[in-house]
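Inspection log for the structure reproduced underneath, given as structure tokens.
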Amino acid sequence: MSSNQLYPFERNRYYPGKMLTSADFQAEQNYHINKGRFLNGLMYGQGIICGMGVFSLDDQSILIESGAAIDGSGRDVIIDASAVKKLSAIEGFDSLTGEVARLKVRFKEQDVHSVYSVNHKEDDKEYEYNRISEGYELFLADKSELDEDLGFETEFLTRETIFSSDNYVGELMMPAIVCKGRTVRMVLEIRKISDADVRLTCRGILETPVFVTAEGEHEIEIGAEDVSLKAGSVLRKEYWVKVEDTPAIESELILRSGTAAAFEDETAINTVPHFAIRVKLSEAAPLELVSREIGKTNLEMMEAGLPDDSIPLADIKLVRTSNSYIIESITEENVKHYVMTPSQELIRNDYLSYYVKPVELEKKQQIVERAGSEPRHRQGGDFSNIATGTLEIPLGRNAREGDIRYSGEIAHGLGSGNVYVDIGYSFLSDDPGMGANQKSTIYGNPDLFSYSSQKLADVETAVKVLNEKGSFVVAARLLRSVEYLVLTFRWVAIRFPSGDDMELTEDYYDKSISVDTPTVIMGTKESHFFGVRFNNMKAASVTYELTAPGSGEISSDGIYTAPTKEGVYEIRIYCTDMPVICTYAYAIVRKKMIDDKTGEEVSGEGTAG
């Protein structure tokens, strides 16, 4: 392929008495021609401006419509009139070996208008061509032999592989730099790399520490169900999130441990063990980021990334016989590349209005109340604050009378200070007098309700309130053996501020933070994002810190990485500007072992006291 370089530009310098030769006139033409082509390529790129449709007329002939395009050197390629061609008469047909041929067009110059050269010398030609006609040339090439990886590498997008096999590859990609306070798109790209007839199903939960969905969540369920693609085809699924306005300068998106799975016809394929994609956070506006990235592309990079000077028009699938051929189908989709010209902007916007509704992408985040240990608050008076939630205490299969079991540490969300916590035993009642299948809670001795036909667990409970931490632990002792595996309790916390707390009440009254999942069980070196919910307050910057050395690592945006040693590790989380508003999270770290029978990873056994 000839060089696409049209510069440096050099033009004639005229002065009195200068004798002009054919070389000077040629330089004059080259200057203006190359300047125009240079700007064409730089401003518009390579592709079709209009027309150049390809249609099948019969089994062996095609119609190419008139149209205009710009090639890789910025030259105008004009098909001035629609042309009918026998496929076998197009250049390159005899060299085809595959079933699919790519039809292309390229710029072609031709010398025309032969005239007598008046002042020719003895060694010169007697006749010369007086004009150069700019035209085009059609040709065919095997699609399988074409290099489809066009363009140069860019640092704008970052991408990481989630799963791969001999048939499919799944990657997640997004901008390497995102804008604080703005929305950003992530794309799950599934590519088929084989001809095998295999269907794919993949899924996983992506944890997004500084990104929130329209519903206010810090996690996204990604994946695709029952995908069937042709070789070389790509399926893209988009996910929109908003970047929080945080002081952090970078963050990670991670797949929650144990959620990533991919199957081909119900057979599991390999997923990345510890997937993470790192992005930088910027205060710049999206237009500034994009302009900066495009502006970094120098001329050498542009030249290296340009494809050849030809312009693809269509893929033609052929059925060959012993001495002939049949055109089976013609495909233009994903073959043609179009140039966006200003003259078409009004029409383009009008057509797009039929597909795009002018709606706001960023939905207002709402505070979502969840069941479980997440506290719910209501104002109970001038000096009271109340929170409630549920908790579970696992008993195991061998629980006997007199055994004591403990809950994990639970953040009540009312902050540090004097807090009263009471708990009641929760169960589904089938007593007709109380209402069939109604959920009930008994505070105190369950034996007093012995008239119920349902056998209730008889337990003695106690609550230990950790005033400085803003949390509590529940202990339960069985007064008789039960067959239950889990005891469920409803807890109620009441905070009565006094002394120094009275001054804080005015600023922090009824405000708290809580962790989405206060306690997680994970393997060594695995990562987990501790998402935070803001109760009765606007979202604010939070700080994460480990309460003991050797507890692993915690990033500024809440991604905890477990150490190599088993144990229970504590993470303190507090509002950066209001440290009094804090909570705690716990990571139970266990080494993973291999099951001798199944060969699969299983968590090591262990109990927490």
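The values are calculated or read from the model by the stated rules, or taken from the named source; none is laboratory data. Quick caveat: nothing in here was measured; it's all calculated off a predicted structure. Cβ atoms come from the backbone with ideal geometry, glycine included; neighbour counts cover every protein chain shown.
Just one of (1) surrounded by fewer than 16 Cβ atoms within 10 Å (Cβ to Cβ); (2) in contact with a Lys or Arg (Cβ under 9 Å, 6 or more places away or on another chain); (3) of a type in the set (A, V, I, L, M, F, W, C); (4) over 20 Å from residue 237 (Cβ atoms) trips up residue 187, so point out which.
For residue 187, the failing item is (4).
Residues in the range 157-184 that are assigned to a strand (DSSP E or B), among the small types (Gly, Ala, Ser) and either outside the structural domain of residue 231 (by TED's automatic domain parsing) or farther than 13 Å from residue 236 by Cβ (or both): how many?
Within the range 157-184, residues that are assigned to a strand (DSSP E or B), among the small types (Gly, Ala, Ser) and either outside the structural domain of residue 231 (by TED's automatic domain parsing) or farther than 13 Å from residue 236 by Cβ (or both) number 1.
Inside the range 96-126, can you point out the residues that are within 23 Å of residue 308 (Cβ to Cβ) and free of Cβ contacts under 8 Å to residues at least 40 places away in the same chain?
Matches in the range 96-126: 108, 109, 110.
Please go through the range 267-295 and give me each residue that is in contact (Cβ under 8 Å) with a residue 60 or more places away in the chain and part of a loop (DSSP other than H, G, I, E, B), ordered by number.
269, 270, 272, 274, 275, 283, 284, 285, listed by residue number.
When you go through (1) among the small types (Gly, Ala, Ser); (2) surrounded by 15 or more Cβ atoms within 10 Å (Cβ to Cβ); (3) part of a loop (DSSP other than H, G, I, E, B); (4) touching an Asp or Glu at 6+ places or on another chain (Cβ under 6 Å) one by one for residue 231, which number turns out not to apply?
All conditions are met except number (2).
Just give me the residues in the range 234-247 being more than 14 Å from residue 218 (Cβ to Cβ) and part of a loop (DSSP other than H, G, I, E, B), in sequence order.
Scanning the range 234-247 gives 245, 247.
Condition test on residue 284, is it touching a helix residue (DSSP H, G or I) at 6+ places or on another chain (Cβ under 9 Å), farther than 30 Å from residue 91 by Cβ and not hydroxyl-bearing (Ser, Thr, Tyr)?
Answer is yes for this residue.
Among the candidates 372, 381, which residue alone is at pLDDT below 80 and closer than 14 Å to residue 491 by Cβ?
Going through 372, 381 in turn, the sole match is 372.
Could you say whether any residue in the range 484-496 is modelled with pLDDT of 65 or more, under 30 Å from residue 575 (Cβ atoms), more than 44 Å from the chain's Cα centre (by Cα) and not in a strand (DSSP E or B)?
Yes, the range 484-496 has at least one match.
Filtering the range 402-420 down to residues that are under 21 Å from residue 578 (Cβ atoms) and buried (at least 19 other Cβ atoms within 10 Å of the Cβ), which residue is modelled with the highest pLDDT?
Among them, the one singled out is 419.
For residue 399, indicate whether it is modelled with pLDDT of 80 or more and surrounded by 11 or more Cβ atoms within 10 Å (Cβ to Cβ).
So residue 399 does not fit the description; no.
Could you give me the residue pairs with C-beta distances under 7 Å whose first residue belongs to the range 206-226 and is in the same structural domain as residue 244 (by TED's automatic domain parsing), whose second residue is of a type in the set (Gly, Ala, Ser) and crowded, with 16+ Cβ neighbours inside 10 Å wherever it lies, and which are 6+ apart or on separate chains?
Partner pairs satisfying both residue conditions: 209/251; 209/558; 210/248; 210/251; 218/531; 222/204; 223/204.
Is it true that some residue in the range 285-293 is polar (S, T, N, Q), outside the structural domain of residue 38 (by TED's automatic domain parsing) and over 30 Å from residue 73 (Cβ atoms)?
No: zero hits.
Which residue is nearest to residue 206 (Cα to Cα), if the candidates are limited to the range 249-264 and must be modelled with pLDDT of 85 or more and over 15 Å from the mean Cα position of the chain (by Cα)?
Top of the filtered list is 261.
Which of the numbered conditions does residue 87 fail, given that it passes all the others? Conditions: (1) loosely packed, with under 14 Cβ neighbours inside 10 Å; (2) closer than 22 Å to residue 143 by Cα.
Of the numbered conditions (1) loosely packed, with under 14 Cβ neighbours inside 10 Å; (2) closer than 22 Å to residue 143 by Cα, the odd one out for residue 87 is (1).
Please go through (1) in a loop (DSSP other than H, G, I, E, B); (2) over 37 Å from the mean Cα position of the chain (by Cα) for residue 72 and return the number of the only condition it doesn't satisfy.
(2)
Can you go through 65, 10, 28 and tell me which one is at pLDDT below 90, more than 16 Å from residue 339 (Cα to Cα) and not polar (S, T, N, Q)?
Among 65, 10, 28, only 10 is at pLDDT below 90, more than 16 Å from residue 339 (Cα to Cα) and not polar (S, T, N, Q).
Of the residues that make up the range 240-252, is at least one farther than 16 Å from residue 557 by Cβ and touching a residue at least 24 places away in the same chain (Cβ under 8 Å)?
Looking through the range 240-252, at least one residue is farther than 16 Å from residue 557 by Cβ and touching a residue at least 24 places away in the same chain (Cβ under 8 Å).
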